[in-house]
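A short reminder: the numbers here are calculations on the coordinates, not readings from a lab. Note that the coordinates shown come from a computational prediction; the quantities given were computed from them, not determined experimentally. When we count neighbours, we look across all protein chains shown, and the Cβ atoms used for this are built from the backbone with ideal geometry, even at glycine.
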């Protein structure tokens, strides 16, 4: 049985749809339950219901053979896992944004040691470092847009789908870092030990996509 770490929420619905079309029945995932591990013997799959940020960890350490995680979370985690398939849903863009009132049009215009709030401190630090821009990255876990609104930071690095929340809070995008979609990743040992089962699943999913 293959174990897959997934997070609950609307993105899970898209993965369920892909699995069902791939002939891997997983109605068990749609049932109301407080269980954190659920099995679909018919599909030969065990699902570990985890927080999105924990999925790469479960996969890297072999607690799960596979995982479904956003490219943004995957890049931030820096975990040693194998990326198998771009599932092509949950599309969003990681951006740099500042208050419109600052009149800044480019990241190079940020003052020396400007503070940047982000849920993605590793990605943000690397982005500015690669451009030779000295900033102080402040890790946050809640509403990142609050940073500039209350004077905590001059800029933010965050993900956005439509940009509407940014506009409503007086923020303007001045750069894009990366596009993110959901990815199927694998534990590197599982790839060898359970190669047949994993390849069968991957081929079925790719056929649907």
Exactly one of 125, 93, 160 is in contact with a strand residue (DSSP E or B) (Cβ under 9 Å, 6 or more places away or on another chain), surrounded by 16 or more Cβ atoms within 10 Å (Cβ to Cβ), closer than 15 Å to residue 72 by Cα and free of Cβ contacts under 8 Å to residues at least 24 places away in the same chain, and that one is 125
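Condition check ((1) within 25 Å of residue 64 (Cβ to Cβ); (2) surrounded by fewer than 16 Cβ atoms within 10 Å (Cβ to Cβ); (3) out of contact with any strand residue (DSSP E or B) (no Cβ under 9 Å at 6 or more places or on another chain)) across all residues:
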position: 119; (1), (2), (3): yes, no, no
position: 146; (1), (2), (3): no, yes, no
position: 154; (1), (2), (3): no, no, no
position: 170; (1), (2), (3): no, yes, no
position: 181; (1), (2), (3): yes, yes, no
Restricting region 23-37 to residues that are under 23 Å from residue 206 (Cβ atoms) and under 23 Å from the mean Cα position of the chain (by Cα), the one surrounded by the fewest Cβ atoms within 10 Å (Cβ to Cβ) turns out to be 29
In region 19-37, residues that are touching a residue at least 24 places away in the same chain (Cβ under 8 Å) and assigned to a helix (DSSP H, G or I) total 2
Log entry, pairs with first residue in region 131-147 being in contact (Cβ under 8 Å) with a residue 24 or more places away in the chain, second being in a loop (DSSP other than H, G, I, E, B), beta carbons closer than 6 Å, six or more apart or on different chains, reads 145/169; 147/153
Just checking, does region 39-62 include any residue being under 16 Å from the mean Cα position of the chain (by Cα) and surrounded by fewer than 15 Cβ atoms within 10 Å (Cβ to Cβ)? yes
Restricting region 1-18 to residues that are touching a helix residue (DSSP H, G or I) at 6+ places or on another chain (Cβ under 8 Å) and in contact (Cβ under 8 Å) with a residue 60 or more places away in the chain, the one surrounded by the most Cβ atoms within 10 Å (Cβ to Cβ) turns out to be 5
Residues in region 63-86 that are buried (at least 21 other Cβ atoms within 10 Å of the Cβ) and more than 30 Å from residue 154 (Cα to Cα) total 6
